[in-house]
1. Please identify, among Ala177, Ala215, Ala258, the residue showing maximal mean-square fluctuation in a Gaussian network model of the chain using a 10 angstrom Cα cutoff.
2. For the chain, set up a Gaussian network in which alpha carbons nearer than 10 Å are linked by springs, and say which option among Val102, Val116, Val265 fluctuates the most.
3. Enumerate lysine pairs in the chain that are 8 or more residues apart or on different chains, then count those whose Cα atoms are under 16 Å apart.
4. Please check: in the Gaussian network model of the chain (C-alpha springs, under 10 Å), which one of Leu129, Leu176, Leu48 has the largest mean-square fluctuation.
5. Within 10 Å of each residue's Cβ, count the other Cβ atoms and sort Lys46, Lys7 from fewest upward.
6. Given that just one value was derived from the coordinates, which of [x] 70; [y] 51; [z] 61 is percent of Cα pairs over 24 Å apart?
7. Hey, fewest Cβ within 10 Å first, where do Leu26, Leu83, Leu263 land in order?
8. Lys225 to Asn271: FRET efficiency via 1/(1 + (r/R0)^6), r the Cβ-Cβ distance, R0 30 Å, to the nearest 0.05?
Amino acid sequence: MKFLGEKGVRRVLAGIAFSAISALLLIALFIIKEGLPFIISYGPIKFLLSSDWQPQAGKFGIWPMIVASVWVTLGAMLVGAPLGVACAVFLTEFVPRRVMGVIKPTIELLAGIPSVVYGFMGVMVLAPLIRSQLGGPGLSVLAGAVILGVMILPTIISISIDSIQSVPNSYREGSLALGATHWQTTYMVTVPAAKSGIIAAIILGMGRAIGETMAVIMVAGNAVKIPISALDSVRTLTANIALEMGYATGQHRQALFATGVVLLVIIMILNSLAGMSIRKKAGKR
């Protein structure tokens, strides 16, 4: 890189960065180009709020899948968010640095485990346990929520740890000097100071959960209906696309791309909220 000079290196790096952004933009434009015309022609309200998904009959209502995605995602957050934040607080504030330096990379390795492995564990262990102890088919909202809650732990823990570690030590020292205990300092000073970063971690974990496909297909049951209880089988938006895209044609294919547009909008909103939270934190500094 020396022969390029500083300006040349800058241009090369700018080109690489622009190519990555361009690839994401092209993917988004392709999905919108394929799906948005169908939403407009079929009717946004009819597409989003109708409960009938019968491609052979020309009915493409995704409301049951939207409700199922919300149920499974919120369930995953109820499992993953408290565990993830509690684990991050414990590792950052109550564990020696040397031990935390070993445990944190181990937790982050969980993000590299293929989702099909989580799904397999859900099918073989979790679903039979739910079926025998709580009733129902086992493959349900509850199974999907638990599996996704475990899958989003590395995201929430890693970002929360970074956020808590970024809190200046002077905050802790001032609280301890005023007579607060270590625990009081943690939950009254350190965690509130890292709140925006922790919220960003939870929002990014939510985006990860709502976009998951393979594990949800394996453990949620894939029944196209509005769930009444956590033990009902459901089909999420991502599962619907993955299950039917292989053989879909015509309007059916366009409807699946339109479902992708809905997912894209949801994930963009979640990522924007996370970015706003991070920028808010940076602004306070």
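1. For the chain, modelled as a Gaussian network with Cα springs under 10 Å, the answer is Ala177.
2. Largest GNM mean-square fluctuation: Val102.
3. Numbers: Lys46/Lys59; Lys59/Lys225; Lys195/Lys280; Lys195/Lys281; Lys195/Lys284.
For the chain, qualifying lysine pairs total 5.
4. With Cα springs under 10 Å in the chain, the top fluctuation among Leu129, Leu176, Leu48 is at Leu176.
5. On the way: Lys46 14, Lys7 8.
Ascending number of Cβ neighbours within 10 Å: Lys7, Lys46.
6. The calculated read-out lines up with [z].
7. Working: Leu26 10, Leu83 16, Leu263 21.
Listing Leu26, Leu83, Leu263 from fewest to most nearby Cβ atoms yields Leu26, Leu83, Leu263.
8. Details: r = 30 Å, r/R0 = 0.99.
Once rounded, the FRET efficiency stands at 0.50.
Since every read-out is calculated from the coordinates, none of them should be taken as a lab result. Remember, it's a predicted structure, so these values are computed and weren't measured experimentally. Cβ coordinates were reconstructed from backbone atoms using ideal geometry, including for glycine residues, and neighbour counts include every protein chain displayed.
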